[in-house]
Amino acid sequence: KPMDDESTDMRVELLQRDLKLSSRENKLEHEKDGTVEVEEWNCAVGQTAYQSTTAGDNSWTRMKVLNLTTGGYGLVHDVDLNKFADVDDCPTKGSKCKIRSMNACAIHKKPGQKKGILYCAMQIYDKGAFLVAIDQKNNMGFVQKLLGWRYAATFYKDDYYVSGEQGLSIVKNVPSLKKYKSWVELNSAFYGHGTQAGETKVALYMGDENSKNFGLGADFVTWKKNSEKAGTPADDYLMTLKDKELLLIQLSKGGEDISSNEVISLASNVKVGPNGKRCWGAAWNFNGAIFFSADDGYGGLWRFDSADFEAKTATFTNMTAVNKIDWNDGFTCGDSLKIKKDPQPCEHDFYQVVTSMYVDPATDKTVDANGNPTPWSDSPQTKTTSRTYVRHLDKKSGTFTNDFTVDRSKFPSMTSLNACAVHPKSNKLYCMMNTLSYQSIAVVDETGPALVMKHEPAEGGSNLCFAAVFDSNENYWYWCNDKYLYRAQKLDTKTILWSENDDDWSANDVKAFGQEFTDDKVGADFIVWEEGKKNYLISIVESTDNKVSVIDVTTGVPKKPKIFKSSGLESTVKNGQKVTWGSSWTAPLGGENAGKAFFTPDAKPESANEKVDSLFQLEKLDFEAEKAYFVGGGMAAPAQWHDGFTCKTKIARAGKGRQEIDSR
């Protein structure tokens, strides 16, 4: 055997021996002072909404995880209720010294880490309540005797904030406190040597009243309220939801910790029972995105959106229904709440997203999604009362058939979708979602949109984004009416989110190119044209003579747009008015139009009954003459504020599943 191999083996053996010795020394040290080792809580992949639950008859205590797709709960860990049945004077049978329940759970994570130690308030028959650390091997370490029954808790830095029937209290510097085998060792250390820090009870002010026994909500999270002044650190608050009131206690201001005893009360829009009550037993902060869940199953899962301190109101959005659950408490495991989205079905050649006002055929009046009367608008893309549809085109008849109405309920400030394109590998549909306050790249399916990446305009402002397409390198190119062309990469690797408050949403790595991409040089929708090993973004510019924009994006850095003359689109120009070309498609492989490029213009609703050949095929690009040649490609019913998209490959239904058509 070579000497290097022998040397390596010796080093490995020495390292293993050192590890065994270290482990043995730690074990002896723990036995000496009565402490135990508790491991970090291991978060399962994709599971973040954890809950500690106890049966109504106290026959079990379990850690579960909420499935946000079904609203159901999956079992993660069963707590051994008889773990301490033989400790001290406890009998081996019966309920004495049996664990009654476990609540007020929270994971303490060190800065920059995704995992940490899980701490809970554990109630033991005949012994009382204790702060304990617990892991998935049922190792438990007693940290502190608590003042009474506790059910709401969270960590702010290293301090454990907890409340229940005896008001709010704080256990300071929890990670530095030892974890003892049972209450016997804890009592010995605390009373014999005074090594354990006490639980500090907090007197609170609610209006003009002062008390140490105010009843707060059933679970806590911490919330960072961003400052309106640039460069000023966010303020931290303790947050809880009690019935319909959002209660806040300030923990820091301008980056400095403070001791505030004032309870700020804000009226919220969450739904409560007929008696004005609802127990919000679980709360989570997923990387800045905050959610509350009701125990009774009727309240559902609500996302906290914003708080207005002047108006004394808080805004929530109902996200999904959840099943009824026993006595419970939520704790966050991992970081962002990750949402799954289905791929686009890809059963048709020509898809389109369109936004319009809706006229109720029964009353001939304009109504919103809830059926409430609303004024008509010629700019539906800016209205929350408009509706957005995903549909497909039959180019022979020119008719569009709706596939689904986009569910806006999770984003009530949404006004429209545009700049849609299907990812060439995942087949997921990506669009620019416009809301009253921001634009975002979003993934869209029949359950509605979900956030991927915030759009940050290169020079600020709120110019809408129209055109988009994926190239063969999976770059998502999109253009906004602000003189810039944008490139987003690796969208299929991004976390899909439900809240703009999630820190991952603002992690923007979009590249902006400009300012030469003006609206007289770029059109309202793109196709990718491949010729001579080069990739070009092609669009038809809004103009009176249908100029064609050609942008070379082969290297991933766009060149200045070239403007080609067009031939074959003369019939679309009327009375010298400009024509907008809102939808374009490259027909998918496996379809009868495979690889062919098509465009259709916008048209006013008054012309909806006109029978015109309004679908045009781009037949040829002459790069020497700088001219684009079009021929009639079929029919497309007129529409406004629309955007076309296609899949790379058409997929046909086969039985109950889908089978990709062999395009070879």
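The values are calculated or read from the model by the stated rules, or taken from the named source; none is laboratory data. Quick caveat: nothing in here was measured; it's all calculated off a predicted structure. As a convention, Cβ positions derive from the backbone with ideal geometry for all residues, glycine included, and neighbour counts pool all protein chains shown. Side chains included, ligands, DNA and RNA excluded: accessible areas come from the protein's heavy atoms. Shrake-Rupley method; radii C 1.70, N 1.55, O 1.52, S 1.80 Å.
Overview of values
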{"quantity": "Some residue of segment 493-514 being of a type outside the set (Asp, Glu) and in contact with a helix residue (DSSP H, G or I) (Cβ under 7 Å, 6 or more places away or on another chain)", "calculated": "yes"}
{"quantity": "Which listed residue, of PHE190, PHE142, is touching a helix residue (DSSP H, G or I) at 6+ places or on another chain (Cβ under 9 Å), of a type outside the set (Lys, Arg) and over 22 Å from LEU266 (Cβ atoms)", "calculated": "PHE142"}
{"quantity": "Residue in segment 549-557 that is without any contact (Cβ under 8 Å) to a residue 40 or more places away in the chain and closer than 26 Å to MET414 by Cα present", "calculated": "no"}
{"quantity": "From the options THR415, THR388, THR401, residue that is part of a strand (DSSP E or B), without any contact (Cβ under 8 Å) to a residue 12 or more places away in the chain and either farther than 29 Å from TRP302 by Cβ or not charged (D, E, K, R) (or both)", "calculated": "THR401"}
{"quantity": "Boolean, LYS627 is open to solvent by 70 Å² or more (accessible area, probe 1.4 Å), among the basic types (Lys, Arg) and either more than 38 Å from the chain's Cα centre (by Cα) or at pLDDT 85 or above (or both)", "calculated": "no"}
{"quantity": "Restricting segment 414-454 to residues that are under 21 Å from SER472 (Cβ atoms) and of a type in the set (Gly, Ala, Ser), the residue that is surrounded by the most Cβ atoms within 10 Å (Cβ to Cβ)", "calculated": "ALA419"}
{"quantity": "Near pairs, Cβ below 6 angstrom, 6+ apart or cross-chain, from segment 174-199 (within 19 Å of CYS97 (Cα to Cα)) to any residue that is surrounded by fewer than 16 Cβ atoms within 10 Å (Cβ to Cβ) and modelled with pLDDT under 90", "calculated": "SER182/VAL87; VAL184/ASP88"}
{"quantity": "Residue match in segment 471-479 (condition: closer than 30 Å to ARG303 by Cα, crowded, with 20+ Cβ neighbours inside 10 Å and at pLDDT 95 or above)", "calculated": "yes"}
{"quantity": "Complete set of residues in segment 500-548 that are in contact (Cβ under 8 Å) with a residue 60 or more places away in the chain and open to solvent by 60 Å² or more (accessible area, probe 1.4 Å)", "calculated": "ASP503, ASP504, GLU531"}
{"quantity": "ILE117 being assigned to a strand (DSSP E or B), surrounded by 14 or more Cβ atoms within 10 Å (Cβ to Cβ) and touching a Leu at 6+ places or on another chain (Cβ under 6 Å)", "calculated": "no"}
{"quantity": "Those strands (runs of 3 or more DSSP E) lying entirely in segment 127-167 with at least 1 residues over 33 Å from the mean Cα position of the chain (by Cα) and surrounded by fewer than 23 Cβ atoms within 10 Å (Cβ to Cβ)", "calculated": "128-134, 140-145"}
{"quantity": "Candidates LYS560, LYS596, filtered to the one that is basic (Lys, Arg), open to solvent by 10 Å² or more (accessible area, probe 1.4 Å) and under 22 Å from TYR486 (Cβ atoms)", "calculated": "LYS560"}
{"quantity": "Some residue of segment 368-380 being over 21 Å from the mean Cα position of the chain (by Cα), over 18 Å from GLY582 (Cα atoms) and hydroxyl-bearing (Ser, Thr, Tyr)", "calculated": "yes"}
{"quantity": "Enumeration of residues in segment 563-593 that are out of contact with any Lys or Arg (no Cβ under 6 Å at 6 or more places or on another chain), aliphatic (A, V, I, L, M) and open to solvent by 20 Å² or more (accessible area, probe 1.4 Å)", "calculated": "VAL573, LEU589"}
